[in-house]
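Here is the structure we will look at.
The values are calculated or read from the model by the stated rules, or taken from the named source; none is laboratory data. Since this is a predicted model, take the numbers as computed values, not measurements. Here the Cβ positions follow ideal geometry from the backbone for every residue, glycine too, while neighbour counts run over all protein chains shown.
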Amino acid sequence: MWKLVPCIEWLFKAEHPDFVARIAAARALGLDVVEFHLWRDKPIDAVAQAMPEYGVTVSSFCVDPRASLVDPAEHPTVLAATRDAIEVARRLGGARMILASGFSRPGVSDAEQVGEAVKVLREAARLAEDSGTQLLLEPVHMTVQGRNMFVQGIGRGLDIVEQVNSPALRLLADVYHSAMSEENLGEALGTRMRWVGHVQVADTAARHEPGTGTQNWANVMSVLRERGYTGDIGLEYLPTLPVAESIAQARRALGI
């Protein structure tokens, strides 16, 4: 039912420093979809050429540069970066584009920050919808210099995606970030799986292969199954094993 999608930002990197070689290596292991992080430092022309050559598609990549959804001063950057990413998404066969919220703004109410995120995401989603592409909002558990990312958990992310209410925006439900935010996955998802466009996994707390940490993967996969998720499972973790062994370990833990 589920297809594994390695994040070649990290997976295959030790074995294949050359980025495009990771696409061929993924296909050699029977994986025909990949994803990565920021795009401006990647050889996009070579990636686009390698996709049909190896029979591999790109699931998603991050809008670049990253900018804040909750700060209106950064909204022009968000929209300009989205426009640039749309052109890359088209070149990569309709790959989806990932956005994170940016850090919380001290002294600004929660409601105002949600409102700003909804406002700019509606504009960005309109750009994506007009171009036939799709955005993914990713909750990220991160603290830098005492400031937390505004959208850290799946629950808040779904609240925002629902308010935007666009077919061109879905949630990237990252099980690692959700767990680090101390969410209950089933409660966070509730009955809103229709708004989830992608799922990524890594174990807690060191962000390595599923099965190497404290996450109850049987429960995670049961929740996804019960909620009706049939999409891809992104392997976005820092491997501790050679890549073939690492992916085999992930398969065992996830039951895929």
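So here's what we get for this one:
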{"item": "Only listed residue being small (Gly, Ala, Ser) and closer than 22 Å to VAL34 by Cβ, chosen from ALA179, ALA253, ALA218", "result": "ALA253"}
{"item": "Conditions (1) β-branched (Val, Ile, Thr); (2) at pLDDT 95 or above; (3) within 19 Å of the chain's Cα centre (by Cα); number of the one not met by THR143", "result": "(2)"}
{"item": "Given (1) buried (at least 16 other Cβ atoms within 10 Å of the Cβ); (2) in a helix (DSSP H, G or I), index of the condition ASP45 fails", "result": "(1)"}
{"item": "Count of residues meeting criterion [surrounded by fewer than 19 Cβ atoms within 10 Å (Cβ to Cβ) and within 19 Å of the chain's Cα centre (by Cα)] in region 232-250", "result": "2"}
{"item": "Any hit, region 199-218, residues being among the charged types (D, E, K, R), in a loop (DSSP other than H, G, I, E, B), at negative phi and in contact with a Cys (Cβ under 6 Å, 6 or more places away or on another chain)", "result": "no"}
{"item": "Residues of region 178-196 satisfying the condition of being outside any loop (DSSP other than H, G, I, E, B) and out of contact with any helix residue (DSSP H, G or I) (no Cβ under 9 Å at 6 or more places or on another chain)", "result": "MET180, ARG194"}
{"item": "Output for region 203-242, where each listed residue is under 20 Å from SER59 (Cα atoms), among the aliphatic types (A, V, I, L, M) and in contact with a strand residue (DSSP E or B) (Cβ under 8 Å, 6 or more places away or on another chain)", "result": "LEU224, ILE233, LEU235"}
{"item": "In region 10-41, the residues that are without any contact (Cβ under 8 Å) to a residue 60 or more places away in the chain and part of a loop (DSSP other than H, G, I, E, B)", "result": "LYS13, HIS16, PRO17, ASP18, GLY30, ASP32, TRP39, ARG40, ASP41"}
{"item": "Region 231-256 residues that are in contact (Cβ under 8 Å) with a residue 24 or more places away in the chain, paired with ones that are assigned to a helix (DSSP H, G or I) and of a type in the set (S, T, N, Q) (beta carbon under 8 Å, 6 or more apart)", "result": "PRO239/SER246; THR240/SER246; LEU241/GLN249"}
{"item": "Top-ranked residue in region 211-231 [being surrounded by fewer than 20 Cβ atoms within 10 Å (Cβ to Cβ) and among the polar types (S, T, N, Q); ranked as nearest to the chain's Cα centre (by Cα)]", "result": "THR230"}
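Residue-by-condition table, conditions (1) under 30 Å from ARG27 (Cβ atoms); (2) of a type in the set (D, E, K, R); (3) touching a Ser or Thr at 6+ places or on another chain (Cβ under 9 Å):
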| site | (1), (2), (3) |
| --- | --- |
| VAL58 | yes, no, no |
| SER104 | no, no, no |
| GLU112 | no, yes, no |
| ALA117 | no, no, yes |
| ALA125 | no, no, yes |
| GLY132 | yes, no, no |
| LEU137 | yes, no, yes |
| THR143 | no, no, no |
